[in-house]
Amino acid sequence: MGRAAAAAPRTAAPRAEAAAETKKGDGLRELVEALVVAGVAALLVRGFEAQAFVIPTGSMAPTLMGRHKEVACPQCGFLFAVNASEEVEGPPPRRPIFSGVCVNCRHQARNLNDAPSFKGDRILVSMFPYDLPGLPGASPPERFDVVVFRYPEEPETSYIKRLVGLPGETIRVHQGDLYVKPPDSDEFRLQRKPMEHLRSMQIDVYDDEHQPRALRGRDEWRRWSSDSGWKVVEPGRSLYELAAPAADWADLRYRHLVPEPEQWEALLVDRTPARGPRPTLVTDFYSYNTNLPAESTDLIQSRYGNQNAWLQPHWVGDLTLAADLDVKSDSGEIRLELVKAGVRHFATIDVATGKGRFIRGDETLAEFDTPVRGPGSRRLEFGNVDDRLTLLVDGRPVGGEGAEYDRGDAVPTPTAADLSPAAIGAKGATVSASGLVLKRDIYYTQTPGYTDYGPVWDDREPRRPSELFDFLSDPSRFPNIARVRAEEFELGYDRFLMMGDNSPRSKDSRGWDSSDRSWDFLDRQTWEVPRSLITGKAFFVYWPHGVPFGPSFRISHDFRVPFRPYVERMRRIR
């Protein structure tokens with residue numbers, strides 16, 4: 001018994017040692033697992049780390065605002081922004097911004113030097129989504145991302161632009177559009193924007209809810225008019241009615257009637273201008289770029305340095321029309337129309353069935369179902385952008401991602417029809433239309449600070465606004481626009497092309513220095529941004545600026561109290 005008892009420990013000992021080794025191995029494993037978990041957690045934290053930035057300049061306006069003044073137009077009440085970064089940046093002397101021009105009615109608002117200038121948008125930038133593509137929501141850099149990167153010519157400085165070109169591609173900029181030649185391909189294709197980006201990049205042309213006071217009662221200046229049954233319900237309001245069904249299409253048509261500075265001078269004192277209204281082409285006009293100091297404010301006697309406020313000449317044919325349509329009948333058809341280069345494009349809807357069609361010229365591109373059936377009020381948005389027709393009903397797309405079309409190699413050239421580029425029509429239906437808004441796409445210029453129209457002018461560039469209007473209103477001169485040349489940018493391996501949404505005033509890939517700094521040993525073309533310099537993706541505007549309200553107390557020139565958060569402009573960046 002004793003020997004048995006004595007023997008037991010000798011046989012049990014190895015089991016105890018084995019148990020001890022197992023515990024020791026478990027501890028090591030737990031330590032390794034803990035380190036791995038901590039590492040993964042650190043990567044997750046790092047992946048979701050966000051850094052705050054302030055936008056200093058207007059190169060990404062209106063998507064992201066730099067230092068600016070916000071102006072309610074004294075004539076039409078439309079709210080627009082004017083660049084004010086030159087008040088604190090750039091070479092001296094730094095002069096206060098005195099005036100800016102409303103994009104909606106082209107009235108020049110003055111005495112802005114007394115208005116506060118707001119700092120640029122405060123945004124959040126995810127710093128590692130491109131370095132850790134395996135994390136949720138992360139991905140490699142994608143076209144149309146808004147990215148932060150180190151400026152190749154001055155790496156200690158961060159820039160924010162929109163990524164438009166990917167490694168190995170050749171990007172062509174022509175007539176305001178982007179064309180892409182993929183690697184190992186010989187053909188360029190028009191680069192279409194995804195729907196989420198397309199909507200966020202639209203720029204105001206005219207909002208009929210904001211009709212200028214000086215033009216009320218002057219029917220010759222009315223932008224929306226009809227000779228086929230549509231009536232103005234109440235002057236000064238964006239409300240029109242077709243009270244009786246028409247056997248054929250009855251159209252309410254938009255004419256781009258923009259008063260010139262000389263005409264505004266007469267209208268403001270209730271005098272009939274010497275020259276009557278004349279429709280012009282829609283161009284790449286940005287209110288943001290119309291900032292002028294007091295000594296350069298006179299647009300009639302054009303001076304060197306005030307061209308920004310009026311010489312924005314590039315024709316834009318890619319438009320979006322939005323309207324509230326209140327259908328009062330059980331049957332009939334309604335349609336929205338956009339004209340580009342003389343070709344008519346339609347979104348038509350059969351009120352009885354809800355069936356919709358996209359039509360280009362005489363060709364039906366697509367048929368689809370819509371929720372527009374019978375009487376009722378709906379918000380319709382019809383777009384013709386990047387050679388694609390799209391339709392939204394109450395903010396939701398119908399007809400999928402839209403209908404693409406191919407116009408071939410022909411250069412789009414405007415015609416007289418482009419002076420009236422939008423319409424709302426009805427046939428066999430009674431309907432009213434309100435809340436009419438026209439917007440345009442971005443026009444990408446080839447060189448920042450210069451127009452693409454050097455080859456377009458017959459002998460010299462316009463020297464005053466009236467000369468520009470002479471060109472934009474004369475269809476016989478429109479074929480000159482086809483003379484615009486293309487610019488191409490070839491990208492190497494792991495290199496990207498960046499451009500600002502405020503294309504005419506953006507210092508980006510198109511206009512960087514022709515010689516590199518000595519640090520750059522990467523054999524980089526001047527327009528290329530190496531992958532190693534991309535640091536993050538902008539994703540949210542968390543503080544545009546405070547909005548003064550009520551009785552305003554001036555703490556300093558640019559700081560007024562009380563103020564509220566600008567909730568309307570807090571948004572995801574697309």
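The values are calculated or read from the model by the stated rules, or taken from the named source; none is laboratory data. Small disclaimer: the values here were computed from a predicted structure and weren't measured. Backbone-built Cβ (ideal geometry, glycine too); neighbour counts: all protein chains shown. To get the accessible areas, we keep the full protein, side chains included, count just its heavy atoms, and leave off ligands, DNA and RNA. Shrake-Rupley method; radii C 1.70, N 1.55, O 1.52, S 1.80 Å.
Solvent-accessible area assigned to carbon and sulfur over segment 272-405 amounts to 44 percent, based on a 1.4 Å probe.
Extension gain, T447 to R460: 0.36 nm times the residue separation minus the Cα-Cα distance gives 2.8 nm. Only Cα pairs under 8 Å and 6+ residues apart enter the sum, and on that basis the relative contact order of the chain stands at 19 percent. Determine the distance separating the Cα centre of segment 438-480 from the Cα centre of segment 114-170; give it in Å without decimals. Going from one Cα centre to the other spans 31 Å. Note on K119: aspartates and glutamates with a C-alpha under 18 Å away, same-chain residues under 8 apart excluded, are E70, E86, E87, E89, D558, E568. Taking label positions 7 Å along the Cα-Cβ direction at both T526 and D369, the computed distance is 5.7 nm, reported to one decimal. Calculated on the Cα set of segment 241-386, radius of gyration then Dmax: 20.5, 61 Å.
Within 10 Å, count the other beta carbons around each residue, average over each peptide in 357-363, 52-58, and list them highest first. Don't jump to the answer; show the numbers that get you there.
Values: 357-363: 15.6, 52-58: 18.6.
Going by the mean number of other Cβ atoms within 10 Å, highest first, we get 52-58, 357-363.
Suppose only helical runs count, i.e. DSSP H with n ≥ 4. What mean residue ellipticity at 222 nm does that imply for the chain under -39500 (n - 2.57) per run, divided by all residues and rounded to the nearest 500 deg cm²/dmol?
Numbers: 4 runs with 67 residues, N = 574.
It comes out at -4000 deg cm²/dmol, rounded to the nearest 500.
In this simple spin-label approximation, E196 and N480 carry label points 7 Å from Cα along the Cα→Cβ vector, and these lie 4.3 nm apart.
Per-residue accessible area (protein heavy atoms, 1.4 Å probe) orders T272, T283 as T272, T283, starting from the largest.
Report note on the peptides 562-572, 531-541: ranked by the mean count of other C-beta atoms within 10 Å, highest first, their order is 531-541, 562-572. Using alpha carbons only, the radius of gyration of the chain set against its Kirkwood radius gives Rg/Rh = 1.11.
Taking only protein heavy atoms and a 1.4 Å probe, the accessible area of segment 75-149 is 53% carbon and sulfur. Note on K328: lysines with a C-alpha under 16 Å away, same-chain residues under 8 apart excluded, are K231, K427.
Note that segment 298-423 presents 39 Å² accessible area per residue, ligands and nucleic acids not counted, probe 1.4 Å. Taken along the Cα-to-beta-carbon direction at a fixed 7 Å, the label points for R237 and V54 span 4.5 nm.
Rolled with a 1.4 Å probe across the full set of protein chains, the surface gives R110 an accessible area near 120 Å². Under 21 Å of direct C-alpha separation, and excluding same-chain neighbours fewer than eight residues apart, K439 reaches these lysines: K193, K340.
Normalised by the number of residues in segment 187-334, the average gap of Cα pairs under 8 Å and 6 or more apart makes the relative contact order 16 percent. Our Cα-only numbers for segment 113-242 put the radius of gyration and Dmax at 23.1, 63 Å.
If you count, for each residue, the other Cβ atoms within 10 Å and average over each peptide, how do 97-108, 287-298 line up from highest to lowest? Walk me through the numbers before you get to the answer.
On the way: 97-108: 24.1, 287-298: 20.1.
Sorting 97-108, 287-298 by mean packing, highest first, produces 97-108, 287-298.
Maximal additional length on extending the A410-N111 stretch stands at 103.0 nm, based on 0.36 nm per residue less the C-alpha distance. Paramagnetic label reach from F540 (point 7 Å along Cα→Cβ; backbone nitrogen cut-off under 20 Å): within segment 53-76, residues 53-55, 63-65. With just the Cα atoms defining each centre, how far is segment 312-369 from segment 185-257? Give it in Å. Answer, in whole Å: 12.
Our summary gives segment 116-239 a relative contact order of 11 percent, counting only alpha carbon pairs under 8 angstrom and 6 or more residues apart.
Roll a 1.4 Å probe over the protein chains and send me the accessible area per residue for segment 192-291 in Å².
Details: 4390 Å² over 100 residues.
Dividing the accessible area of segment 192-291 by its residue count gives 44 Å².
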